[in-house]
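What follows is calculated from the coordinates using simple rules that are stated; it is not laboratory data. This one's a predicted model, so the numbers in the text were calculated from it and none came from an experiment. Glycine gets a Cβ as well: all are built from the backbone with ideal geometry, and neighbour counts include every protein chain shown.
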Amino acid sequence: MNVGILFAIGGDGTFRAASKIAEEIRNRNGKISVIGIPKTIDNDILFVSRSFGFNTAVSMATQAIGAAHVEANGAPNGIGLVKLMGRHSGFIAASAALDKRYANFVLIPESDFDIDGPHGFLAVLEKRLIDRRHAVIVAAEGAGQKYCGVQGTDDSGNLRLGDIGLYLKQRITEHFESIGMEINLKYIDPSYLIRSVPATANDSVFCGFLAQNAVHAGMAGKTDMVVGMLNDEFVYIPIRLVVSGRKQVELDGKLWNSVIEATGQPSFKAESVP
């Protein structure tokens, strides 16, 4: 096909495939560069500070949280429940929650929580409604999978996650029905809206710089590597390092500590934590 440079645009799965292609090219003594460009709105690529699409996703997610806030405040015991993307990493949920700080509870895959018990999520939500008469909940799609269950794998080998949004909606409704407390719950799942909007100006500019650096790498004969930004510099990273793990929210890091401070949420564990 007379290909000189192959650009692989995607995340973990894409880069694993790209590395296999690069290996086969070497085995055939080919002269084709394979350059990876990080593209996942979950922002979970290891050794890369940011992937394009993330800024746009956070911007749109913030609008969904704002809508949930309006709905929650517009009815007695109003609850706005928003499910956002984030299969294994909660960067979108955590970052969007820090924008206008409407969220009262943020659930992400990295932070385990109990839904029942005296210190569980439902008990804390009940106290919030008694005290403040409204609540906004933001849940990343990969949160609480021990409750809603993994449904096998898809054709690419990715886990089919249970729907934490619908699970929370059902459990919250059942809980307040059981104690005879009226609530007004609005469930918002903006996933496809967030995925389909035009990129923000910030993301467009960033994507352009990634493309330029990717072309420079390929023209220079580099291969089996990913171009990305790390510590405010564009760098070239071997694919084997990028696929060696997954970037996740650090529970003792600045991002998650800021979320805890903004929401005031506890650990949601059934047993008290000293």
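For Glu182 and Tyr147, a Förster radius of 35 Å and the Cβ-Cβ distance give a FRET efficiency of 0.90, rounded to the nearest 0.05. For a straight C-alpha distance cut-off of 22 angstrom, the lysines reachable from Lys186 (same-chain residues fewer than eight places away being disregarded) are Lys83, Lys100, Lys127, Lys169.
Other residues whose C-beta falls under 9 angstrom from the C-beta of Gly11 contribute a net charge of -2, scoring Lys and Arg +1 and Asp and Glu -1.
In this rough spin-label picture, where each label sits 7 Å from Cα along the Cβ direction, the Val3-Asn29 distance is 2.1 nm.
Set Lys and Arg Cβ to +1 and Asp and Glu Cβ to -1, take the dipole of region 1-140 about its Cα centre, and tell me which of Ile130, Phe91, Ser59 lies farthest positive. The residue sitting farthest along the positive end of the dipole is Ser59. Taking other C-beta atoms within 10 angstrom as a stand-in for reagent exposure, Ser244, Ser204, Ser49 fall in the order Ser244, Ser204, Ser49, fewest first. Other residues lying with their Cβ under 11 Å from the Cβ of Glu261 contribute a combined charge of +2, Lys and Arg counting +1, Asp and Glu -1. Distance from the C-alpha centroid of region 56-82 to that of region 189-207: 19 Å, rounded to the whole angstrom. With an a/c value of 1.5 or above and a/b not larger than b/c for the gyration tensor axes a ≥ b ≥ c computed over the alpha-carbon atoms, region 145-219 is described as oblate.
Only one of the listed values, (i) 142; (ii) 122; (iii) 164, was derived from the coordinates as volume of the Cα convex hull per residue in Å³; which label is it? Computed from these coordinates, volume of the Cα convex hull per residue in Å³ corresponds to label (i).
Counting each DSSP H run of 4 or more residues in the chain as -39500 (n - 2.57), what helix-only mean residue ellipticity at 222 nm follows after dividing by all residues, to the nearest 500 deg cm²/dmol?
Rounded to the nearest 500, the figure is -12500 deg cm²/dmol.
Placing a label point 7 Å from the Cα of Phe234 along the Cα-to-Cβ direction, the residues of region 10-44 with a backbone N closer than 17 Å are 10, 34-39.
Compared with the alpha-carbon gap, the fully stretched path from Leu241 to Asp99 is longer by 47.9 nm at 0.36 nm per residue.
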